[in-house]
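Notes to accompany the following structure.
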Amino acid sequence: MNANAIVQKLWRLCTVLRKDGITYQQYVTELTYLLFLKMMAERNRETGSLPKGMRWADLVQAGGLKQLEHYRKLLVTLGTSSTRLGRDDELVPVPADNATPEERKRYADARPLPEMVQEIFDSASTFIREPQNLATLVTAIDELDWFSDERDQFGDLYEGLLQKNAEETKRGAGQYFTPRVLIELLVRLMQPQPGEVIQDPAAGTGGFLIAADRYMRARTDDYFDLGEKAAWQKRQAIRGMENVPGTLRLLLMNLYLHDIDSEHVHLGDTLSDKGTKLGRANLILTNPPFGPAGGAPTRDDLTVTATVSSYQLPFVEHCIRALQPGGRAAIVVPDNVLFEDGRGKALRQMMMDWCDLHTILRLPTGIFYAQGVKTNVIFLTRGKSETGNTKAVWIYDLRAQMPKFGKTTPLTESHFEGFEKAFGTSPHGAERGPDEGEAGRWRMFTREDIAARGDNLDISWLREAEEEAEDGLTEPDDIAAAILGHLQAAMLEIESLSAELGGDLPEVVE
């Protein structure tokens with residue numbers, strides 16, 4: 001059974017749990033716990049990582065009501081930072097107040113659970129109430145043939161589940177899921193290389209980081225036979241930060257199933273001091289959150305966007321500052337980053353001075369599951385100096401005169417063929433296809449042209465009424481996404497105006 005068939009089988013089981021009051025996102029979280037335990041057993045990694053009695057076989061052998069009780073105890077035990085393993089992997093309890101010196105020494109000599117286990121099960125609990133529902137899940141997972149003759153399918157399986165969750169969830173997990181076809185495109189264009197530090201400061205479920213790692217493995221025969229460099233590549237090269245605990249759990253699971261044991265993927269707010277711990281990067285691939293952030297950045301180094309209380313502008317400044325000289329980035333941003341006055345204009349000027357902003361891709365509408373905000377990808381390379389690095393900006397308009405993307409018309413790789421050809425083979429934008437003029441999608445604007453526009457980069461020349469592009473929408477989900485997009489775009493403009501006037505927006509409760 002291939003990974004897609006396994007995904008379909010496991011997803012069908014979700015209908016069983018829906019009767020137990022479990023949402024799609026809760027179901028994926030529940031599967032994360034169970035799949036992790038099963039994966040540890042399949043890969044013979046339980047020894048030294050999981051206490052005896054808290055392993056997959058123990059869960060399978062428990063039956064009926066005892067199985068659910070055992071599962072609840074297992075989650076609490078593995079999710080407690082004080083849990084420790086003895087010499088023979090036995091569970092060593094926390095000493096009681098009246099514990100003997102021998103008991104205290106035994107606990108002191110015991111090993112804590114591996115950091116990955118602690119983070120996966122941190123504050124874990126189950127949403128399952130009916131023992132039969134847990135038994136159905138455990139039996140299904142235990143009976144599946146997990147491995148093909150050619151490769152391990154765990155990673156593909158889990159990514160498939162995350163995608164299914166994003167498709168079904170217009171809010172929640174869906175907002176962290178960037179379409180995989182777009183991720184693969186940006187990775188191909190940016191060409192990550194072994195030995196580089198690759199960062200996503202808004203990592204979500206890890207799509208960019210995993211795609212970059214997969215790209216390098218496919219093109220490097222000796223990816224993990226690099227001598228002393230092997231451990232660095234596996235544990236140090238991939239770096240990221242995620243601010244939502246539940247999403248971090250999915251992210252860590254996704255990385256682990258793809259054999260990425262990074263020591264630099266953490267829970268935290270990139271726009272706080274924690275963000276500086278990400279360090280400098282050779283390559284940044286990211287789709288930062290959009291909209292009100294509930295307050296200005298608390299980092300001292302984000303001086304241009306220090307008073308901005310939305311996510312998108314400060315995240316772009318982080319990326320500019322985090323790049324090494326010669327480092328490159330591909331960043332998904334909403335339209336207001338390209339046209340907003342005040343701090344937005346100052347940020348664009350900084351970006352074009354510090355970096356070579358060589359390419360902008362205007363993305364079609366309707367390609368994100370949770371958001372209808374109009375988006376772009378900006379491609380830039382950090383210069384060696386902080387002045388005059390952008391000489392010209394090439395813009396590809398993939399938004400005008402495009403199909404009505406949504407559930408009925410998904411975005412595919414073929415839609416990007418024209419842009420990929422125009423972009424060229426250099427990740428720094430050194431090779432360009434010819435300017436197609438006003439009748440084409442691909443045009444070049446000099447730095448002087450942009451300055452004459454007041455450094456406004458929201459440039460379009462192919463005309464198509466937005467209303468016409470939305471007239472053909474028929475699916476309720478697509479119509480709702482379009483409405484949400486208009487509302488969010490309006491909020492971004494109001495927020496920008498409020499910031500210019502020196503006021504604060506009231507907190508938005510979702």
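Read through the list (1) in a helix (DSSP H, G or I); (2) in contact with a Pro (Cβ under 9 Å, 6 or more places away or on another chain); (3) touching a residue at least 40 places away in the same chain (Cβ under 8 Å), then give the number of the only condition that T136 fails.
Unmet for T136, out of (1) in a helix (DSSP H, G or I); (2) in contact with a Pro (Cβ under 9 Å, 6 or more places away or on another chain); (3) touching a residue at least 40 places away in the same chain (Cβ under 8 Å): (2).
Report whether or not D122 is open to solvent by 10 Å² or more (accessible area, probe 1.4 Å), under 28 Å from the mean Cα position of the chain (by Cα) and touching a residue at least 24 places away in the same chain (Cβ under 8 Å).
Considered against the rule, which asks whether it is open to solvent by 10 Å² or more (accessible area, probe 1.4 Å), under 28 Å from the mean Cα position of the chain (by Cα) and touching a residue at least 24 places away in the same chain (Cβ under 8 Å), D122 comes out as yes.
Mind listing whichever residues of region 10-35 are over 14 Å from L161 (Cα atoms) and surrounded by 19 or more Cβ atoms within 10 Å (Cβ to Cβ)?
L17, I22
Go through region 289-337 and give me each residue that's touching a residue at least 12 places away in the same chain (Cβ under 8 Å) and of a type in the set (G, A, S).
G291, A293, G294, G295, A296, S309, S310, A322, G326, G327, A329, A330
Looking only at region 334-356, decide whether some residue is farther than 18 Å from L283 by Cα and assigned to a strand (DSSP E or B). I'd like the intermediate steps shown before the answer.
Kept after step one, since they are farther than 18 Å from L283 by Cα, are these residues of region 334-356: 334-350, 353.
Then keep just the ones that are assigned to a strand (DSSP E or B); that gives 334.
Yes.
Look at region 36-51 and say how many of its residues are open to solvent by less than 30 Å² (accessible area, probe 1.4 Å) and in contact (Cβ under 8 Å) with a residue 40 or more places away in the chain.
7
Which of the helices (runs of 4 or more DSSP H) contained wholly in region 188-274 include at least 1 residues that are in contact with a strand residue (DSSP E or B) (Cβ under 7 Å, 6 or more places away or on another chain)? If you could, list the steps in order and put the result at the bottom.
Working: elements: 207-219, 229-235, 245-257.
Ranges flagged: 207-219, 245-257.
Could you list all residues from region 296-311 that are open to solvent by 30 Å² or more (accessible area, probe 1.4 Å) and either at positive phi or of a type in the set (S, T, N, Q) (or both)?
Those that are open to solvent by 30 Å² or more (accessible area, probe 1.4 Å) and either at positive phi or of a type in the set (S, T, N, Q) (or both): T298, T303, T307, S309.
On the given criteria, is G155 surrounded by 23 or more Cβ atoms within 10 Å (Cβ to Cβ) and either at pLDDT below 75 or in a loop (DSSP other than H, G, I, E, B) (or both)? Walk me through how you get there before you give the answer.
Details: surrounded by 23 or more Cβ atoms within 10 Å (Cβ to Cβ): no; either at pLDDT below 75 or in a loop (DSSP other than H, G, I, E, B) (or both): yes.
No, not satisfied.
The values are calculated or read from the model by the stated rules, or taken from the named source; none is laboratory data. On a predicted model such as this, the values are computed, not experimentally measured, just so you know. Note that we place each Cβ from the backbone using ideal geometry, even for glycine, and neighbour counts take in every protein chain shown. With ligands, DNA and RNA removed, areas are computed over all heavy atoms of the protein, side chains included. Shrake-Rupley method; radii C 1.70, N 1.55, O 1.52, S 1.80 Å.
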